[in-house]
Amino acid sequence: MEEQVDMVGRAFVDHYYLLFDSNRASLSTLYQPTSMLSFEGQKIFGAEDIAAKLNQLPFDQCKHLISTIDSQPSSTSGGIVVFVSGSLQLPGEEHLLRFSQMFHLIPTPQGSFFVQNDIFRLNYG
């Protein structure tokens, strides 16, 4: 069970950041109308508004460098909590931005997962 949770968490993280870095508009498919994003303290509800927020960030390109991925089962219904830490490289910027992000993944009837909760924070200091 634990290996499967770790495998799903890692596969999700690889997929999410590949999309974020190369085709950000397609991230909307990972969210549902009930999904919630907290982005630097700003709360955003629903797949449409989350996609709009992510697509309106003040940079078009970036590269996520993942340092750690921790995954845990969240309930008997098959949910998974994934915590990610890493760095964000923006074009033309010499310094990396450290970040942490948490995802609560919920299984779908089709056998995949969607993001119910997403919390993102830059790490300063």
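Overview of values
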quantity	calculated
Residues (without any contact (Cβ under 8 Å) to a residue 40 or more places away in the chain, closer than 24 Å to Gln32 by Cα and open to solvent by less than 70 Å² (accessible area, probe 1.4 Å)) located in the stretch 49-84	Ala51, Ala52, Lys53, Leu54, Leu57, Ser74, Ser75, Gly78, Gly79, Val81
From the options Leu88, Leu97, residue that is crowded, with 17+ Cβ neighbours inside 10 Å and either in contact with a Gly (Cβ under 8 Å, 6 or more places away or on another chain) or over 18 Å from Met36 (Cβ atoms) (or both)	Leu88
Any hit, the stretch 12-19, residues being without any contact (Cβ under 8 Å) to a residue 24 or more places away in the chain and among the aliphatic types (A, V, I, L, M)	yes
Some residue of the stretch 86-100 being charged (D, E, K, R) and touching a Phe, Trp or Tyr at 6+ places or on another chain (Cβ under 6 Å)	no
Subset of the stretch 1-48 that is acidic (Asp, Glu) and under 18 Å from Leu122 (Cβ atoms) - its residue that is surrounded by the fewest Cβ atoms within 10 Å (Cβ to Cβ)	Glu40
Those residues of the stretch 69-125 which are closer than 15 Å to Gly9 by Cα and of a type in the set (D, E, K, R), in sequence order	Asp70, Asp118
Selection status of Phe99, in contact with a Leu (Cβ under 6 Å, 6 or more places away or on another chain) and not aliphatic (A, V, I, L, M)	yes
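The values are calculated or read from the model by the stated rules, or taken from the named source; none is laboratory data. The model shown is predicted, which means the values in this text are computed figures rather than measured ones. Quick reminder, even Gly has a Cβ in these numbers, built from the backbone with ideal geometry, and neighbours come from all protein chains shown. Each accessible area value is taken on the protein alone, full model and side chains, heavy atoms only, with ligands, DNA and RNA left out. Shrake-Rupley method; radii C 1.70, N 1.55, O 1.52, S 1.80 Å.
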